[in-house]
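Okay, structure first, notes after.
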């Protein structure tokens, strides 16, 4: 089974190619809010350097947030387009679960939300359907056990274990209505 894996929920764009239960090729790119400019080209680049092509993909797995809503939306849109065009299944996984799946120890994964706030997930709480939360780092530290490792996900700390990802990902039933996670209500007020 060949899987294309995408996540743009952080400043780090992750693109991976998985075969069975192993990542066989991957690309990272640290961005400045410009994932949309580079995602497709990085996917092409990864295929050019591997023995596989887009027609070999049998499923697409996408990290659908929380994190950068625009970044997550870009990854979801590209994943939906590829899955729909190739007629293959699309799977979703919480970005916090995806990007910290390679840790063997208990870990609280954090994705920077803004200034001093982070999205987080306590790994051992809910393995199948994790519920991400958000808060300030000092409050998160009060919430977790002292022996639990707290990791802010970035280009140096992202660890992905495809075997774990395959166990917890969920199939997207309706590609057309699938959207990323957004944990806040939009409080837009229209100026008249």
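Which one is surrounded by the fewest Cβ atoms within 10 Å (Cβ to Cβ), of the residues in region 58-82 that are farther than 15 Å from residue 172 by Cβ and touching a residue at least 60 places away in the same chain (Cβ under 8 Å)? Residue satisfying both the conditions and the ranking: 69. Test residue 71 against the stated conditions and say whether it is assigned to a helix (DSSP H, G or I), at pLDDT below 95 and either touching a strand residue (DSSP E or B) at 6+ places or on another chain (Cβ under 8 Å) or under 14 Å from residue 6 (Cα atoms) (or both). Judged against the criteria, residue 71 is a match. If only residues of region 132-148 that are at pLDDT 85 or above and assigned to a strand (DSSP E or B) are counted, the one that is farthest from residue 21 (Cα to Cα) is 136.
The listed residues are 21, 11, 37, and the only one of them that is over 14 Å from the mean Cα position of the chain (by Cα) and farther than 23 Å from residue 167 by Cβ turns out to be 37.
Look at (1) part of a loop (DSSP other than H, G, I, E, B); (2) under 16 Å from the mean Cα position of the chain (by Cα) and you find that residue 105 fails only one, number (2). When region 9-61 is limited to residues that are assigned to a loop (DSSP other than H, G, I, E, B), within 30 Å of residue 118 (Cβ to Cβ) and touching a strand residue (DSSP E or B) at 6+ places or on another chain (Cβ under 8 Å), the one that is modelled with the lowest pLDDT turns out to be 31. For region 119-127, the condition holds for no residue, the condition being that it is closer than 15 Å to residue 15 by Cα, surrounded by fewer than 23 Cβ atoms within 10 Å (Cβ to Cβ) and in contact with a helix residue (DSSP H, G or I) (Cβ under 7 Å, 6 or more places away or on another chain).
Considering every residue within region 86-96, establish whether at least one is out of contact with any strand residue (DSSP E or B) (no Cβ under 9 Å at 6 or more places or on another chain) and more than 19 Å from residue 172 (Cβ to Cβ).
No, the conditions are met nowhere in region 86-96.
Here is a check on your reading of the model: is residue 97 under 22 Å from residue 145 (Cβ atoms), part of a loop (DSSP other than H, G, I, E, B) and in contact (Cβ under 8 Å) with a residue 60 or more places away in the chain? Criteria not met by residue 97.
The values are calculated or read from the model by the stated rules, or taken from the named source; none is laboratory data. Given the structure is predicted, the values throughout are model-derived calculations rather than measurements. Positions of Cβ are backbone-derived with ideal geometry, glycine not excepted, and every protein chain shown enters the neighbour counts.
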